[in-house]
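In what follows, a single structure is set out as structure tokens and then discussed.
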Amino acid sequence: MLKKFFFLAITSACIYGMLYYHVIFVGGTVSFLDKTSPSMNYTFFSTHGKSNRSIVSIKVLRDAGIADLLVRLGKMSEGEKAALMDEFSEVNGR
């Protein structure tokens, strides 16, 4: 009985994590971003082989703060972040 309860608790914690966090792989680094709402969209995301523009173009990740993460990890400058955020805020404003 205790094993079943333990298994259920671990499974529930994993499902919770998948619903509420993005797991972002940047090079050899694994980072977590809070999701803006519970979903399975972009739960696991690798930046490998993707341009900063293509990464920031994904609204779900942009809203979760992917641009700030890329700046913090040294993959993007503050200037590039500002330009991309302006570009995509204009696209969404139309």
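Throughout, read-outs are computed from the coordinates displayed, never taken from laboratory work. If you're wondering where the values come from, they're calculated on a predicted model, not measured in any experiment. Virtual Cβ from ideal backbone geometry, glycine too; neighbours counted across all protein chains shown.
Could you identify the single residue in V56, V30, V23, V60 that is loosely packed, with under 15 Cβ neighbours inside 10 Å and of a type in the set (V, I, T)? Give the derivation first.
Working: V56 fails: loosely packed, with under 15 Cβ neighbours inside 10 Å; V23 fails: loosely packed, with under 15 Cβ neighbours inside 10 Å; V60 fails: loosely packed, with under 15 Cβ neighbours inside 10 Å.
From the options V56, V30, V23, V60, the qualifying one is V30.
Among the strands (runs of 3 or more DSSP E) contained in the chain, which hold 1 or more residues that are without any contact (Cβ under 8 Å) to a residue 24 or more places away in the chain and of a type in the set (A, V, I, L, M)?
21-26, 29-34
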